[in-house]
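Each value in this text was obtained by applying a stated rule to the coordinates, not by laboratory testing. Note that the structure is predicted; figures quoted are calculated from it, not measured. Neighbour counts run over all protein chains shown; Cβ positions are idealised from the backbone, glycine included.
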Amino acid sequence: MTTMTLTDTSISISVSGNFARVPGPRFEWQGKSSGEEFLKTMLMPKFLEAEKKGLQLIVDLDGTEGYSTGFLDGSFGELARDLGFERVMGRLQFITNDEPYLETEIISYMKPK
Amino acid sequence: MPNFIKNEFVSLIVAMILALILGIAIGATYKEFFNITWKTEVGLEALINVVAGIAIGIFLQHAYQKQNENLRVEKGIVIDECKVSIKQLRDIRNNFRTCVESNLPAKDFDYSFVNSFRLLSNEISSIKDFMEALDYPDEVIICDEILSSIIDYKTIITGGPEFPTDSYSPEEFKSGERKFDQINKSLHSFLVKINRF
């Protein structure tokens with residue numbers, strides 16, 4: 001199943017549809033569907049594509065079994081540390097109906113400490 | 001002392017004071033009552049006044065009762081959600097302790113942790129939305145503080161560089177226990193506060 005979509009204003013990716021229904025640990029060596037793998041294969045390439053086209057990147061986080069801090073920090077946290085918090089937040093949107101507080105949680109990992 | 005007993009006690013004291021004042025006032029002038037002469041006819045105006053007075057009285061009492069009933073129902077919902085949250089928090093803590101005490105890798109518990117944290121933060125988010133809708137800004141702030149502590153607790157348990165391949169270090173265990181105590185206390189204080197509404 002794929003739910004990656006492109007509109008005039010945004011690119012959308014779904015973690016459960018395009019990556020894994022059971023997101024894994026932080027690093028690739030720790031197991032499958034890690035945050036590191038998600039960053040390398042999906043999040044970073046799609047973010048850069050969205051930036052190049054002047055579009056928003058919408059990440060749909062619904063439909064999974066839940067996220068460990070390691071996965072979220074290893075993907076979204078790393079993205080913000082690599083590219084800068086302001087740059088990333090200006091282009092990233094979330095869909096988090098299953099877990100409304102997840103967006104605040106992710107932003108807390110992305111903010112510079 | 002439970003609130004309803006306190007309310008009953010206060011009502012009783014107020015009723016006694018009123019009865020005392022009334023008794024003193026009437027006691028001093030009760031003979032005058034026998035000298036009152038009533039008019040033989042009651043005017044329409046007076047009748048309308050009496051009926052309108054009774055209608056307003058009934059309406060106010062009904063509105064007050066309804067408001068009280070709504071508050072009781074809302075309070076019950078929040079108390080139930082608080083109890084579920086405390087149970088979720090204890091489940092996380094019990095798994096954490098088992099994992100550390102048995103020296104097992106967190107891998108045996110990782111999805112149980114992730115799922116329990118999800119349920120816990122959803123419960124508190126739901127209480128927060130409810131408090132927002134009922135316009136209780138102080139309680140909304142408390143919910144935000146609890147949610148923030150839950151993120152810290154989740155980070156200790158599922159965010160370490162060795163999670164979920166290894167077990168937890170003694171330092172991680174101590175930090176986790178401290179955070180559990182903090183959230184547990186906050187949830188119990190919140191429960192007591194809601195119970196006093």
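Given points 7 Å out from each Cα along the Cα-Cβ axis, report the B:Asp181 to B:Phe59 separation in nanometres with one decimal.
5.7
Once you've got the GNM for chain A with C-alpha springs shorter than 10 Å, pick whichever of A:Lys52, A:Lys32, A:Lys40 has the biggest mean-square fluctuation.
Taking springs between Cα atoms under 10 Å, the residue moving most is A:Lys52.
Let's test the formula: R0 of 25 Å, r as the Cβ-Cβ distance of B:Asn70 and B:Asp138. What FRET efficiency results, to the nearest 0.05?
That pair, B:Asn70 with B:Asp138, gives E of 0.80.
Select from A:Ile95, A:Ile58, A:Ile13 the residue whose mean-square fluctuation is largest in a Gaussian network model of chain A (Cα-Cα springs shorter than 10 Å).
A:Ile95
What FRET efficiency comes out for A:Ile95 versus B:Asn195 if R0 is 35 angstrom and r is the Cβ-Cβ distance? Round to the nearest 0.05.
0.45
Calculate how many DSSP beta bridges within the protein assembly as shown are antiparallel, expressed in % of all such bridges and rounded to the nearest 5.
Once the DSSP bridges in the protein assembly as shown are tallied, antiparallel ones form about 20 percent.
Which order do B:Phe197, B:Phe59 fall in if you start with the one that has the fewest other Cβ atoms within 10 Å?
B:Phe59, B:Phe197
Expressed in nm to one decimal, what extension gain is obtained for the pair B:Val84 and B:Leu18 from 0.36 nm per residue of sequence separation less their Cα-Cα distance?
The span from B:Val84 to B:Leu18 would gain 19.3 nm if fully extended.
Counting other C-beta atoms within 10 Å, and keeping those with at most 15, which DSSP coil GluC sites (Glu not before Pro) do you find in the range A:53-112?
Answer by residue number: A:Glu65.
When only DSSP loop residues count, what trypsin sites (Lys or Arg not before Pro) in the range B:112-197 have their Cβ near at most 13 other Cβ atoms within 10 Å?
The qualifying sites are B:Arg196.
Along the Cα→Cβ direction, 7 angstrom out, place labels at B:Tyr111 and A:Lys32. What is the inter-label distance in nm?
With each label placed 7 Å out from Cα toward Cβ, I get 1.2 nm.
Would you mind checking the pairs A:Lys52/A:Lys113; B:Lys83/B:Lys193; A:Lys111/B:Lys128; B:Lys87/B:Lys185 and listing those with alpha carbons more than 18 angstrom apart?
A:Lys52/A:Lys113; A:Lys111/B:Lys128
So for B:Met16, B:Met131, fewest C-beta neighbours within 10 Å to most, what's the order?
Arranged by neighbour count, lowest to highest, B:Met16, B:Met131 become B:Met16, B:Met131.
What average count of beta carbons from other chains do you get within 10 Å of the Cβ of residues in B:112-122?
4
Nearest 5 is fine: what % of DSSP beta bridges in chain A come out antiparallel, could you say?
The antiparallel proportion sits near 20 percent.
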